Amino acid sequence: KPLFLRGKRRITLTREGMLLRKRAEEIIGLVEKTKAEVTAGDESITGEITIGGGETEGMRPIAQAVRQVQARHPGIRVHMLRGDGYDVAERLDRGLIDFGTLIEPVDVSRYDSLRLPRPDVWGLLLRRDHPLAQQAAIGPEDLAGLPLLASRQMVGENGLSGWLGYDYEKLNIVATGNLVNNLVLLVEEGVGCALTLDGVERFAGERLCFRPLAPRLESWMYLVWKKYQVFPQAAEVFLNQVRANLEG
């Protein structure tokens, strides 16, 4: 099949060409990852660990385990990739990352998993000049008709359906995304208020504030990896550290 469309001044990819490029990038990434795992020296634990996840306070136990592991084994390098639950699951299933973090609502039964110790709290990120910013908390009635920004996962899984007390379709979702910084920009520009997790305010400027939902709505985060996974030493050391921290 044709991969290129040749114009007078440039060459563009066909649909098949774009698919081939995407698959080639994944294949090369997997080759490099495998090479690093196989050639790691026996005299000391070295290697690379790739972790995909969101940008929430729930990631702190992961960061703590990384610090502890690297203090004992400086030759271990960690790559953190951000994305929502859909991005993380896709990368994990394709073997492009070693671990992922998934946030409820999500089904983790097809993975091995550990529940992390601190749940994230849902709330509304909004401008300080917004009328709702004067409230200490945000109730279901406050969201009706309000222009809202939300993650793809929250929309796809109807994550607020039990909390709302009314039909989920009545929410006015004007935009979705999987990158916190982009949602912050949309809130700053007045596109809407973002349904998000606590801790996101650290990415926001002074113009924005976070107000929790009431009744309180929490979501647990899970560290997940593929079932029957055979880990290289670096990844095994990291997982053992996370387990030890949770048991402690």
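The values are calculated or read from the model by the stated rules, or taken from the named source; none is laboratory data. Bear in mind the structure is a predicted one, so any value in this text is a computation, not a measurement. Positions of Cβ are generated from backbone atoms using ideal geometry, with glycine treated the same way; all protein chains shown enter the neighbour counts. The area values use the complete protein model at the heavy-atom level, side chains included, leaving out ligands, DNA and RNA. Shrake-Rupley method; radii C 1.70, N 1.55, O 1.52, S 1.80 Å.
A few points about this structure:
- Cβ-Cβ contacts under 6 Å between residues 6 or more apart (or on different chains), taken from a first residue in the range 68-97 that is open to solvent by 50 Å² or more (accessible area, probe 1.4 Å) to a second residue that is outside any helix (DSSP H, G or I) and among the hydroxyl-bearing types (S, T, Y), are listed as H79/T50.
- Residue match in the range 187-198 (condition: open to solvent by 20 Å² or more (accessible area, probe 1.4 Å) and at pLDDT below 80): no
- Just one of the listed residues (L246, L183) is modelled with pLDDT of 80 or more, part of a helix (DSSP H, G or I) and in contact with a Pro (Cβ under 7 Å, 6 or more places away or on another chain), and it is L246.
- Where R211 falls short, out of the listed (1) surrounded by 15 or more Cβ atoms within 10 Å (Cβ to Cβ); (2) of a type in the set (K, R); (3) at pLDDT below 85: (3)
- Residue count for the range 216-238 under the criterion of being under 21 Å from V106 (Cα atoms) and not basic (K, R): the result is 11.
Table: residues versus (1) more than 30 Å from E32 (Cα to Cα); (2) modelled with pLDDT of 90 or more; (3) among the aromatic types (F, W, Y).
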{"site": "V106", "(1), (2), (3)": "yes, no, no"}
{"site": "L114", "(1), (2), (3)": "no, yes, no"}
{"site": "V121", "(1), (2), (3)": "yes, yes, no"}
{"site": "I138", "(1), (2), (3)": "yes, yes, no"}
{"site": "V155", "(1), (2), (3)": "yes, no, no"}
{"site": "Y168", "(1), (2), (3)": "yes, no, yes"}
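- Selection from the range 187-219 of residues that are part of a helix (DSSP H, G or I), closer than 18 Å to I138 by Cβ and not charged (D, E, K, R): V187, V200
- Taken together, the criteria exclude G47 from residues that are of a type in the set (G, A, S) and in contact with a Phe, Trp or Tyr (Cβ under 8 Å, 6 or more places away or on another chain).
- Qualifying residue in the range 138-152 (condition: hydroxyl-bearing (S, T, Y) and loosely packed, with under 14 Cβ neighbours inside 10 Å): no
- Residue match in the range 164-175 (condition: touching a residue at least 40 places away in the same chain (Cβ under 8 Å) and under 26 Å from the mean Cα position of the chain (by Cα)): no
- Residue count, the range 99-117 (criterion: over 14 Å from T56 (Cβ atoms) and within 14 Å of the chain's Cα centre (by Cα)): 2
- Total residues in the range 43-67, condition without any contact (Cβ under 8 Å) to a residue 60 or more places away in the chain, within 23 Å of L183 (Cα to Cα) and open to solvent by 20 Å² or more (accessible area, probe 1.4 Å): 1
- Residues of the range 223-240 satisfying the condition of being surrounded by 19 or more Cβ atoms within 10 Å (Cβ to Cβ) and either more than 22 Å from A89 (Cβ to Cβ) or without any contact (Cβ under 8 Å) to a residue 60 or more places away in the chain (or both): A234, V237
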